[in-house]
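The values are calculated or read from the model by the stated rules, or taken from the named source; none is laboratory data. This is a predicted model, so every value here is computed, not measured. In this analysis, Cβ positions are derived from the backbone assuming ideal geometry, glycine residues included, and neighbour counts consider all displayed protein chains.
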Amino acid sequence: MAEEPAVKAAEEIASQLGEDRVLLEDLDRSAYSYDASGIHAIPSAVVRPSDVEDVSFIVEAANRYGVPVIPRGSGTSLVGGPLPIEGGIVVDMQMMNGILDKDDYSGLVRVEAGLKVLELNKVFPDRFMPINPDGAGFSTIGGLIAEDAASPLSAKYGTMKDLVIGVEAVLPSGEVVLVEQPGPPSKWNALGLMLGSEGTLGIFTSAYLRLPPKPESRRAFMIEFSDVYDSITVQNTIEREGIGILGFEVYHNYREVVEGGGMEAIAYLEMAGKEECVDLWSSRLSEVLGSMEIHHEEADLKDASDIWIRRKGIYEIARSRESAIKVVSMRVHPHLVRDAVQEIDRTGSRMKLPVVTVFDPPLGWVMAIFLYDPTNEKEVERTEKAAQNVISRTISLGGSVGFGTGVGVNRITPDMDEGFVTIFSKVKEALDPNWIMNPGKLVER
Ligand SMILES: Cc1cc2nc3c(=O)[nH]c(=O)nc-3n(C[C@H](O)[C@H](O)[C@H](O)COP(=O)(O)OP(=O)(O)OC[C@H]3O[C@@H](n4cnc5c(N)ncnc54)[C@H](O)[C@@H]3O)c2cc1C
């Protein structure tokens with residue numbers, strides 16, 4: 001049953017935007033009750049703005065009624081980011097999917113926040129969006145900015161924040177602000193505050209991005225490891241050889257969990273650059289791996305970017321087994337990747353939970369994906385314990401939680417990062433005194 005103030009706010013929004021933009025039926029609302037995390041929470045209403053004025057009206061009205069507002073892109077979050085876990089109104093941004101401006105020479109483009117990566121990649125023939133976390137291009141630009149998303153190519157191109165020049169956002173008061181570069185350095189601070197804020201400080205309505213040129217040539221390889229830690233050694237060797245890595249991602253226990261048995265780890269490596277460099281690097285890579293007796297093969301793919309779509313296998317297997325996934329994503333110093341992976345292994349076997357660990361040695365990015373049965377209370381409890389254990393071990397290794405995927409419902413507590421929580425909470429109180437913007441995410445109230 002929808003909450004009374006939320007329904008009143010939704011009715012007011014319907015009278016301004018039109019009835020067809022506000023969804024109140026059970027079936028419609030339940031379509032917005034999940035994301036890729038397996039968590040469920042049903043909104044009281046869903047609203048679908050088509051421009052920045054609509055978004056401003058929605059947020060201002062919700063604030064007056066004290067109703068939570070939860071921005072949503074495509075719902076591919078792995079951490080419950082767009083779910084109304086404290087109730088409220090979900091704002092579906094997908095109708096705001098236009099390309100507002102572009103410059104072919106510099107690769108600058110201004111797009112609405114609901115545009116999907118798939119569509120953005122059609123804007124320039126010779127440039128591309130390297131951050132494509134779900135592999136299929138479904139994530140929206142607003143979602144990527146809110147999560148400061150990473151992807152397999154982040155070792156070369158950085159995370160989403162490295163491609164954003166400016167954003168237009170609606171603050172919790174309904175006020176519209178534009179924070180963009182170039183400008184005085186203080187503008188970077190304001191922009192930095194908004195990037196990665198997970199929908200808790202405002203709703204992005206559009207963004208200025210700079211897309212990098214497509215490399216002349218790309219080549220991808222699949223490498224198999226009977227000992228997962230060899231992948232770390234290999235990465236160091238490849239680096240010393242001067243091979244230009246575009247992306248390198250290792251999947252530990254993938255074969256066992258997803259395919260029912262096989263090598264301890266598989267890795268995908270992509271190199272990119274001028275055709276002649278890629279030729280040279282490919283043969284050097286073969287020599288290096290051959291001397292270590294490590295099986296590898298060039299990936300037989302029309303488009304090298306397809307390779308990264310394989311990561312979807314983990315989520316698909318979870319769905320087909322009717323299991324849920326609990327994702328803990330973190331970043332540690334690259335030389336501590338081995339320790340983080342070991343800790344996840346130990347936690348998985350202690351808690352008797354299947355776990356796939358995806359990691360990116362050059363970046364120091366490690367992501368534990370635990371599979372569990374959401375209908376089994378004991379297993380749910382063990383999964384929570386496993387996630388908490390991995391989080392506290394990451395902190396003790398000097399790492400941070402939430403890199404890449406965002407933090408979402410896992411929330412950062414003062415014992416994990418006192419400085420961040422103190423500053424963030426004070427900024428949040430100032431901008432959003434009623435805590436209406438995506439409550440229950442990123443930090444506790
Ligand atoms: C197979 C698979 C693999 C993945 N791998 C990765 C990975 O490697 N790295 C990674 O970073 N992520 C990964 N993800 C997660 C996901 O793709 C990203 O987090 C993505 O950024 C979410 O985009 P979205 O449009 O679906 O946003 P949603 O899931 O709808 O929302 C994500 C968050 O952004 C907020 N938000 C959405 N739109 C706005 C807006 N306009 N303004 C303000 N806040 C907004 C939401 O409130 C929520 O907190 C993966 C997902 C899948 C399914």
Exercise for review: State all residues of the stretch 231-263 that are of a type outside the set (A, V, I, L, M) and buried (at least 19 other Cβ atoms within 10 Å of the Cβ); if no residue qualifies, say none.
Suggested key: Ser231, Gln235, Gly247, Phe248, Glu249, Tyr251, His252, Asn253, Tyr254
Exercise for review: Could you list, in sequence order, all residues of the stretch 400-422 that are within 16 Å of the ligand (Cβ to nearest atom) and either touching a His at 6+ places or on another chain (Cβ under 8 Å) or farther than 24 Å from Gly158 by Cβ (or both)?
Suggested key: Val409, Arg411
Review point. Is there a residue in the stretch 138-149 that is within 8 Å of the ligand (Cβ to nearest atom), under 13 Å from the mean Cα position of the chain (by Cα), surrounded by fewer than 24 Cβ atoms within 10 Å (Cβ to Cβ) and among the charged types (D, E, K, R)?
Key: yes
Practice item. Can you give me the ranges of the strands (runs of 3 or more DSSP E) entirely in the stretch 190-269 with at least 3 residues that are in the same structural domain as Val176 (by TED's automatic domain parsing)? Key: 203-210
Point to revise | Inter-residue pairs, beta-carbon under 6 Å, first at positive phi and in the stretch 213-234, second outside any loop (DSSP other than H, G, I, E, B) and of a type outside the set (Asp, Glu), 6+ apart | key: none
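Give me a count of the residues in the stretch 351-373 that are in contact with a His (Cβ under 8 Å, 6 or more places away or on another chain) and in a strand (DSSP E or B).
Summing the residues that are in contact with a His (Cβ under 8 Å, 6 or more places away or on another chain) and in a strand (DSSP E or B) in the stretch 351-373 gives 4.
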Review point. From Ala36, Ala10, Ala41, which residue is in contact with a helix residue (DSSP H, G or I) (Cβ under 8 Å, 6 or more places away or on another chain) and touching a residue at least 24 places away in the same chain (Cβ under 8 Å)?
Key: Ala36
Check your understanding: Which members of the stretch 1-58 meet the condition of being in contact with a strand residue (DSSP E or B) (Cβ under 9 Å, 6 or more places away or on another chain), of a type in the set (D, E, K, R) and within 26 Å of Glu168 (Cα to Cα)?
Key -> Arg21, Asp35, Arg48, Asp51, Glu53, Asp54
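Of all residues being assigned to a strand (DSSP E or B) and in contact with a helix residue (DSSP H, G or I) (Cβ under 7 Å, 6 or more places away or on another chain) in the stretch 73-91, which is nearest to the ligand (Cβ to nearest atom)? Just the residue, please. Talk me through it step by step, then tell me what you get.
If we filter the stretch 73-91 for residues that are assigned to a strand (DSSP E or B), which is where we start, we get 89-91.
In the following step, the residues that additionally are in contact with a helix residue (DSSP H, G or I) (Cβ under 7 Å, 6 or more places away or on another chain) were identified as 89, 91.
Values: Ile89: 12, Val91: 8 Å.
Per the criteria, the residue is Val91.
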Exercise for review: Please determine, by comparing only the residues of the stretch 192-247 that are within 16 Å of the ligand (Cβ to nearest atom) and among the aromatic types (Phe, Trp, Tyr), which one is farthest from Asp92 (Cα to Cα).
Suggested key: Tyr208
